[in-house]
Amino acid sequence: MSKPYTKNTGSRLAVALVGAVLAAVAPAVPASAGPVSALTPVTPSPAGDGGPLSRAELRAEVERTLKDAGYVGISVEVRDGHRRVQARAGEVKLGTGRPVPHGGSLRAVSATKPFVATVILQLVAEGRLSLDDTVEKWLPGVVTGNANDGRRITVRHLLQHTSGIHNYDYTDDTGGDAAAFQRHRFDRVEPEQLVAGAMRSRPDFPPADPNDPEPDWNYSNPNYVLAGMIIEKVTGRPWGTEVHDRIVKPLGLQGTYAPGHDPFLPGPHAHTYHRFPGSEGWTDTTVRDMSWLDAAGSLVTTERDLDRFFTSLMQGRLLAPRELARMRQVVPVGEDFQVAFPGLHYGLGLMRQPLSCGGHRWGHGGDTDGGTVSGTASRTTDRAASSSTRPARTPPTNRCCVPRRPSSASPT
């Protein structure tokens, strides 16, 4: 039985902020046509001069969001061509008064998914894998039971969340209160455990017909756990190693890596907090083993690295035109997501959402207990924005960017 769902106000505000600043940067600055390494910061113009978004303007927006959402801290980085503007507000750790660091390490959570999808599509381009391959072909006997059938689910279904596999969460078994978090924060969870947990539930719907323009859709982390397992089966190496060698190393991403079972974040970093159900105070959730998300959301990264990754992806530096076009083939998301993120469509590990100024932003976001992250870029790659936030009034009740249905006891 699925858990009751609640809407995540903090997550919506964070993603809306990224969209607002991406739309606000002035189009007068030409798009970057050079390598990612050329995207260096320049001094922002003063507020109100009619030029590109200034640091003062961005900071005002960040501070307003901090106040409205009740965050502990927030950090945003916006790029317009070669020009970068950063803003931050709040505390690095509750009660210290010390500011949130610029460029700090953070949990990528569901922003891990486009990294994994990119590796899959690279393998497709190399002829080592097909999007039409079934899960059963690569992982025989893994997706079975309770009407789950890996013979009917393809790699494409996994990447687009149209497989119907139930969104199992590790807390379904461990509990979701503060005491359970403390007991299980260092658990070493294997991907096979996560898939087995999902197999205890019947599918939410049959795998989508590939010709259906509006298929059934549900966000399910086990889809990407399975994608990570397939990467290892195809290459003989863990998905994190493939992400490093195929994406992180070529792009020079200095702060992005798969932590395995290391529960710590490298400094500098901000602390995250969550008020668990039944708790009167905040629990520091910064230090934890993220293997319970595996390839669905365990990467560590930075805002600068997210910008560099999404910019490079949109520029075609990571995928050939055919595979990038496949990645951008989107379907409408489920009703829950439409409530939280109007107009959102989902490709293969890539979200597309309309901008108020016209056009779309491409990227991915995610959240977990105490933190929300978002990274986006315009299709022409002249504009990009990334943010990390740490709610401390109405914390996320969704896990890894999964909007929840309202319940009678939940805020609306």
The stretch 65-139-the stretch 253-331 distance, computed between alpha-carbon centres (Å)
4
Residues in the stretch 282-319 that a label on GLN182 would reach, taking backbone N under 16 Å of a point 7 Å out along Cα→Cβ
282-288
Please enumerate, by chain and number, the aspartates and glutamates with C-alpha under 12 Å from the C-alpha of LYS113, excluding those fewer than 8 residues away in the same chain.
ASP294
Heavy-atom accessible surface of the stretch 217-300: percent carbon and sulfur, 1.4 Å:
53
How large is the convex hull of the Cα atoms of the stretch 283-351 per residue, expressed in Å³ as a whole number?
144
How far is it, in nm, from the label point at LYS137 to the one at ARG322 when both lie 7 Å from their Cα along the line to the Cβ?
1.5
Write out the trypsin sites (Lys or Arg not before Pro) in the stretch 159-234 meeting two conditions: DSSP loop, and at most 13 other Cβ atoms within 10 Å of their Cβ.
ARG188, ARG200
Surface/4 estimate of mean projected area, convex hull on alpha-carbon atoms of the stretch 90-129, nm²
3.9
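Which percent of the Cα-Cα distances in the stretch 170-279 go past 19 Å?
Everything past 19 Å amounts to 65 percent.
The values are calculated or read from the model by the stated rules, or taken from the named source; none is laboratory data. In this text the structure is predicted, and so the values were computed from the model without any measurement. Note: ideal-geometry Cβ built from the backbone for every residue, glycine included; neighbour counts use all protein chains shown. These accessible areas exclude ligands, DNA and RNA; they are computed on the full protein's heavy atoms, side chains included. Shrake-Rupley method; radii C 1.70, N 1.55, O 1.52, S 1.80 Å.
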